[in-house]
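Down below is the structure, laid out as structure tokens.
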Amino acid sequence: MMSFKLSYYNEYKSYLRFTSMGVANDEEEISHLPQSMATKASQEKRARWNSTLAFILAAVGSAVGLGNVWRFPYLVAKHGGAPFLIPYIVCLILIGMPILLMELSLGQMFQGGDIEAFGRMNPRLRGIGLASVFGSFVIVSYYAVVLAYAGIYFVHSFKSPLPYAEGLTAGDVNLGTAEGFFYNNVLKLGSTADPKYAMSGEMVLSLAIIWILVFCCIFNGVETASWVVYVTVPLPVILIIILLIKGATLEGSHGGVKEYIGKWDGSALNSISMWNDAVGQVFFTLSVCMGVMTAYSSHNAVKHRVGRDEKIISISDMLIALIGGFTVYCMLGHLVHL
């Protein structure tokens with residue numbers, strides 16, 4: 001064990017000397033590395049993000065998602081409004097940001113994802129990388145299904161009147177308007193006697209299109225993704241801001257904002273469940289411990305300013321969550337006012 005620590009310490013010192021000179025571009029610089037790192041550096045040149053902005057957009061796009069727009073407003077409402085923001089920000093600063101910095105640093109130092117980074121620390125640690133990759137696979141799988149749902153609604157949104165604005169049923173049960181459309185038209189649960197055997201051709205087609213789009217975005221690695229993120233990341237944020245502006249002009253929106261941040265009950269901070277939810281929200285929304293950030297940063301140069309990027313990613317994620325909360329509660333306030 002002591003020999004492993006000494007070996008790793010010597011390798012890390014060589015890494016620091018290596019990074020002080022810049023990125024290894026010739027044999028003279030590579031010769032300063034220990035054998036394990038020289039072998040890696042002498043391999044085919046690793047693909048790089050075409051700019052720092054592309055990397056930051058990709059990382060922010062990975063961090064921001066349903067957790068910001070759906071889960072964060074729900075947790076705020078669950079824990080009585082504004083008090084939840086305190087444990088969320090505290091956990092973000094004390095837990096989320098340091099872990100994010102660690103993952104970005106590991107990927108950048110070892111020039112590889114979780115499996116490569118942990119495996120080069122010690123071969124026995126490769127299981128950590130494998131577990132994070134498996135977790136990412138599970139999350140991506142159900143995210144694709146949610147996007148398929150959104151694709152179906154997007155197509156039907158061009159119809160007039162909106163089909164999900166009409167009263168529909170799922171079988172013999174009246175589920176109202178939106179629920180009826182989802183269960184009866186999207187999932188086709190009302191088209192068969194046994195819901196276990198329901199099959200929606202529209203859903204299968206939408207899911208196939210989603211996976212084809214995913215492939216088109218990443219088929220050439222970061223060389224393709226570097227251009228895709230210039231559209232896929234800013235566009236949802238712009239749409240959220242447009243919805244916020246629209247929602248703020250609707251009658252009753254102020255009531256929703258009051259429910260969002262207008263309530264204050266300091267005793268709620270004593271709740272263990274609130275702090276548990278805050279930690280879970282930080283881990284989920286920053287996409288840490290899933291191997292994503294490690295893989296992204298591995299496509300940066302070894303001398304890249306990762307500390308700056310970590311703060312930009314974390315603060316952007318928090319701000320978008322807050323904006324998403326205002327957007328949702330403005331709309332809810334208007335609906336209650338109707």
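The values are calculated or read from the model by the stated rules, or taken from the named source; none is laboratory data. Predicted model only: the values in this text are computed from it and were never measured. Note that we place each Cβ from the backbone using ideal geometry, even for glycine, and neighbour counts take in every protein chain shown. Please note that ligands, DNA and RNA were not included when accessible areas were found on the heavy atoms of the full protein model with its side chains. Shrake-Rupley method; radii C 1.70, N 1.55, O 1.52, S 1.80 Å.
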Quiz item: Taking the stated definitions as given, is I139 of a type outside the set (D, E), open to solvent by 20 Å² or more (accessible area, probe 1.4 Å) and touching a residue at least 12 places away in the same chain (Cβ under 8 Å)?
Solution: yes
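Quick one: count up the residues across segment 291-326 that are farther than 17 Å from F110 by Cα and open to solvent by 10 Å² or more (accessible area, probe 1.4 Å).
First pass over segment 291-326, keeping only residues farther than 17 Å from F110 by Cα: 308-326.
From what is left, the residues that are open to solvent by 10 Å² or more (accessible area, probe 1.4 Å) are 308, 311-312, 315-316, 318-320, 322-323, 326.
Count: 11.
Which residue out of V214, V229 is aliphatic (A, V, I, L, M), under 30 Å from S51 (Cβ atoms), modelled with pLDDT of 90 or more and crowded, with 18+ Cβ neighbours inside 10 Å? Show your work before the answer.
Numbers: V214 fails: crowded, with 18+ Cβ neighbours inside 10 Å.
The conditions single out V229.
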Quiz item: Considering only residues of segment 69-119 that are small (G, A, S) and under 17 Å from the mean Cα position of the chain (by Cα), which is least open to solvent (accessible area, probe 1.4 Å)?
Solution: G96
Practice problem: Tell me which residues, restricted to segment 236-290, are open to solvent by 60 Å² or more (accessible area, probe 1.4 Å), touching a residue at least 60 places away in the same chain (Cβ under 8 Å) and not in a helix (DSSP H, G or I). | Solution: E251, K263, W264, D265, C289
Self-check item: Qualifying residue in segment 147-160 (condition: among the charged types (D, E, K, R), at pLDDT below 80 and not in a helix (DSSP H, G or I))
Solution: no
